[in-house]
Amino acid sequence: MTVEVEDTYAEAFEGIYSRVILTADDEEVLSSAASDVTATPSIVVGRVEGGVEKWLSQKETPDGRIGAILQFWGGINDKKPLKESLTKFETELSYRIRQDVLVKPFTALFDALPDPQGQFDMMERVGHCGDGFEWEEKLYDRNIIVIPLMVPDFLIERKLGYAVGAMGANFWYMCTTKQAVTEAGKKALEAISKVEGAITPFGICSAGSKPETNFPLVGPTTNHPYCPSLRPKLRSASRVPSGVNYIPEIVINAVSLESAAAAMKVGVEAARNVKGVHTISAANYGGKLGKYKIWLRDL
């Protein structure tokens, strides 16, 4: 069956991101730290979100241990000075580092942004976890804060860079079968993982949302016209195509608009070749969410 690609676009927007290298002694600790610190996609509730861009061998890290490149993302409030969004991002990022990485034995964190627009000094919000006993020294040809811990010690590069990239690129792969949701999603995520500079903070996402809501305290709520279970209730207002029973979403953040589009392209190509995928579409909101438009048929 030929999979229809709708003549529509994904609406993406600008966000602040940092790119770091996490290292550890063994795979279990590395996987646990990387998963914990990037686990919750939370931009929509005003926090930071992240993802694993790439796993690294011992030859690819500053300290010669196994590692991973991680990205962290924060929103930009266009109605306020950029400085306020940067302060918010730095604060939220420090929470993630302190609670999800620093507490894991023998971990370290290094900057991995080659051309930053600016830098955060990690001493104030992370380094001072040493309660004044922390120190700075030159290690691995980098300026490193050493934070004394009961299982010594946590290392973090003093300056972590930040830049502005593209958030919220996405596509939907509408499915007729439950099996297709998982199979196509896995293939899409695997393909996207090979695109440098791109992450998928939600993995396979079942909860596409919309900007309008009847419950502002909740934040973004369900995109009801595309909920298959509401088709009988909504009748003609339903936007779910006949035969479609599931509409998963893949969300992509990337260091550039070009990387986001490349990730969408390989993800769509991987998903559309799976039996049970009916239609490829994307989420957009008429320009209410962001200034970038990535048209599916231009990929």
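The values are calculated or read from the model by the stated rules, or taken from the named source; none is laboratory data. Because the structure is predicted, anything quoted here is derived from the model rather than measured. Here the Cβ positions follow ideal geometry from the backbone for every residue, glycine too, while neighbour counts run over all protein chains shown.
Within region 280-295, is even one residue more than 23 Å from the chain's Cα centre (by Cα), at pLDDT 95 or above and assigned to a strand (DSSP E or B)?
Looking for residues that are more than 23 Å from the chain's Cα centre (by Cα), at pLDDT 95 or above and assigned to a strand (DSSP E or B), one finds none in region 280-295, hence no.
List the pairs whose first member sits in region 33-49 and is touching a residue at least 40 places away in the same chain (Cβ under 8 Å) and of a type in the set (D, E, K, R), whose second member is part of a loop (DSSP other than H, G, I, E, B) and crowded, with 19+ Cβ neighbours inside 10 Å, and whose Cβ atoms are under 7 Å apart, counting only residues at least 6 apart or on separate chains?
Glu49/Pro41; Glu49/Pro201
Restricting to region 35-56, count the residues that are small (Gly, Ala, Ser) and over 18 Å from Val195 (Cβ atoms).
Qualifying residue count for the region: 4.
When you scan region 76-95, how many residues do you find that are of a type outside the set (Phe, Trp, Tyr) and surrounded by 23 or more Cβ atoms within 10 Å (Cβ to Cβ)?
Looking only at that region, the number is 1.
Need the failing condition index for Ala207 against (1) in contact with a strand residue (DSSP E or B) (Cβ under 8 Å, 6 or more places away or on another chain); (2) over 21 Å from Thr38 (Cα atoms); (3) surrounded by 12 or more Cβ atoms within 10 Å (Cβ to Cβ), just the number.
Just one mismatch for Ala207, condition (2).
Output yes when any residue across region 134-142 is within 29 Å of Ala260 (Cβ to Cβ) and not assigned by TED's automatic domain parsing to the domain that holds Asn253, and no when none is.
Within region 134-142 (the criterion being within 29 Å of Ala260 (Cβ to Cβ) and not assigned by TED's automatic domain parsing to the domain that holds Asn253), the answer is no, since none of the residues qualifies.
If you go through region 263-279, how many residues are part of a loop (DSSP other than H, G, I, E, B) and crowded, with 23+ Cβ neighbours inside 10 Å?
Total meeting the criteria: 0.
What are the residues in region 201-225 that are part of a strand (DSSP E or B) and of a type in the set (Ser, Thr, Tyr), if any?
Ser209, Thr221, Thr222
Assuming Arg98 fulfils every condition listed in (1) part of a loop (DSSP other than H, G, I, E, B); (2) modelled with pLDDT of 95 or more apart from one, which condition is it?
Every condition holds for Arg98 apart from (1).
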